[in-house]
């Protein structure tokens, strides 16, 4: 994975890391462009509103993740730079 990151570092804005696993529940049928277009059409999301839809969805996921972490007394740690999980453990 590190070689991929180095190879494409100019195109990468950030990375997501966690201690073990993250469980995402739900289903977005966006395996390809046609499926994404169908999803957006079915949900009446215009292409010009796509950024707003994605930003709002990301904010909802973020708030939910924080609420779940608070509920179970778990910390959320943002890592601005790559960090070895073994070192943190």
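The values are calculated or read from the model by the stated rules, or taken from the named source; none is laboratory data. As the structure is a prediction and not an experimental result, all values here were calculated from the model. A quick note on method: Cβ atoms are made from the backbone with ideal geometry, for glycine too, and the neighbour counts reach across all protein chains shown.
Numbers below:
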{"quantity": "Test for residue 76: is it assigned to a loop (DSSP other than H, G, I, E, B), out of contact with any strand residue (DSSP E or B) (no Cβ under 8 Å at 6 or more places or on another chain) and modelled with pLDDT of 90 or more", "calculated": "no"}
{"quantity": "Scope the range 32-53; condition modelled with pLDDT under 90 and closer than 30 Å to residue 69 by Cβ; matching residues", "calculated": "36, 39"}
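Quick grid of which residues meet (1) surrounded by 10 or more Cβ atoms within 10 Å (Cβ to Cβ); (2) out of contact with any helix residue (DSSP H, G or I) (no Cβ under 7 Å at 6 or more places or on another chain); (3) at pLDDT below 90; (4) not in a helix (DSSP H, G or I):
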residue: 9; (1), (2), (3), (4): no, yes, yes, yes
residue: 14; (1), (2), (3), (4): no, yes, yes, yes
residue: 18; (1), (2), (3), (4): yes, yes, yes, yes
residue: 23; (1), (2), (3), (4): no, yes, yes, yes
residue: 26; (1), (2), (3), (4): no, yes, yes, yes
residue: 30; (1), (2), (3), (4): yes, no, yes, yes
residue: 63; (1), (2), (3), (4): yes, yes, no, no
